[in-house]
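The values are calculated or read from the model by the stated rules, or taken from the named source; none is laboratory data. This one's a predicted model, so the numbers in the text were calculated from it and none came from an experiment. Virtual Cβ from ideal backbone geometry, glycine too; neighbours counted across all protein chains shown.
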Amino acid sequence: MEVRQNFGSMLNQVSLKDEEIVIERAGKPLARLVSVDAPTAGLLDFRDIGKLPNQIWED
């Protein structure tokens with residue numbers, strides 16, 4: 001309910017202050033609200049997995 005009531009404020013925090021907000025339900029993380037411009041270093045888009053070198057998947 002808190003997200004519904006404060007969504008505009010949360011968007012401002014994320015977009016203007018470069019903050020990240022984790023949305024939880026019953027104390028368990030469900031989603032992360034981040035700016036579109038947030039750095040994604042270290043993150044892999046699952047759609048790009050086929051572009052990885054084959055050596056990574058060899059045993």
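For this structure, a couple of remarks:
- Residue match in the stretch 7-14 (condition: loosely packed, with under 11 Cβ neighbours inside 10 Å, at pLDDT 90 or above, part of a helix (DSSP H, G or I) and not basic (Lys, Arg)): yes
- Condition check for ASP18 on (1) surrounded by 10 or more Cβ atoms within 10 Å (Cβ to Cβ); (2) modelled with pLDDT of 90 or more; (3) at positive phi: one failure, at (2).
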